[in-house]
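Here the structure comes first, spelled out in structure tokens, and everything after it is commentary.
The values are calculated or read from the model by the stated rules, or taken from the named source; none is laboratory data. The structure presented is a predicted model; accordingly, all values stated were derived computationally and were not measured. Here the Cβ positions follow ideal geometry from the backbone for every residue, glycine too, while neighbour counts run over all protein chains shown. Accessible surface is based on the protein model in full, side chains and every heavy atom, while ligands, DNA and RNA are left aside. Shrake-Rupley method; radii C 1.70, N 1.55, O 1.52, S 1.80 Å.
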Amino acid sequence: MAILTIRPIHTDLSQKLDYVMNQRKTTVRRIAGNGAEARVETNRLISGVNCHVNQVKEEMFFVQKRFGKQVGGTVGYHGVLSFPYGEVSAEKCHEIGIRFAEEMWGKEYQVLVSTHTNTDHMHSHL
């Protein structure tokens, strides 16, 4: 069974985005093929809902400025959707995180979905 926590962010959103997008934490490596044809495939588990991953900071800061949310108060929210050890693969965890973000926040909010693979349990940051 998954556990969800959501907390407000009152500090710099940039630091939180850097943390959840850390390449060492979001990369899945698999060996494909066999023998001499074996190769390592890598996949970063980061997706955007109503935002583009490559420019997520700029887009979120633009929206913050547009609605006067850059200073003081709540500047965003940080959710973590966690699964017990062995319950889901990294890819399935990421897929569930995307579907959850789409269902929960629809077309109204920007959500970065970043799945961390560096712990014993799979979890997605929202």
Problem - Distance between modelled label sites at T11 and Q64, nm, 7 Å Cα→Cβ extension - result: 1.3
Handout entry: Net lengthening on full extension, T119/S89 (0.36 nm per residue, minus Cα-Cα)
Key = 9.6 nm
Practice task
Using a/c under 1.5 as the rounded threshold, could you call region 57-126 rounded, prolate or oblate? The axes a ≥ b ≥ c are square roots of the C-alpha gyration tensor eigenvalues, and prolate needs a/b larger than b/c, oblate otherwise.
Solution key: prolate
Exercise for the section: Taking a cut-off of 26 Å between Cα atoms, list the lysines near K107, but don't count ones fewer than 8 places away on the same chain. Expected result: K16, K57, K65, K69, K92
Practice task
Among the aspartates and glutamates, select those whose C-alpha is under 13 Å from the C-alpha of K25, and discard any that sit fewer than 8 residues away in the same chain.
Solution key: D120
Problem - Cut-off 15 Å between beta-carbons: net charge of the residues surrounding M60, Lys and Arg +1, Asp and Glu -1 - result: 0
Fill in the blank from the handout: For the chain, the longest principal axis of the Cα atoms and the Cα long axis of helix 90-105 enclose an angle in degrees, to the nearest 10, of 20
Fill in the blank from the handout: Note: the chain at 4 °C, 1.567 mPa s; Kirkwood Rh on alpha carbon pairs; Stokes-Einstein D in µm²/s works out to 83
Exercise for the section: Could you work out which residue, out of Q23, Q110, Q15, moves most in a Gaussian network model of the chain, that is, has the largest mean-square fluctuation with Cα springs under 10 Å? Expected result: Q15
Practice task
Rank these by accessible area, largest first, 1.4 Å probe: Y85, Y109.
Solution key: Y85, Y109
Handout entry: Sulfur and carbon atoms: percent of accessible area, the chain [1.4 Å]
Key = 52
Completion exercise
Counting as exposed only GluC sites (Glu not before Pro) in DSSP loop states with no more than 15 other Cβ atoms inside 10 Å, the longest exposed-site-free span of the chain is 1-86
Handout entry: Area of H78 that stays accessible when all protein chains are in place (1.4 Å probe, Å², to 10)
Key = 30
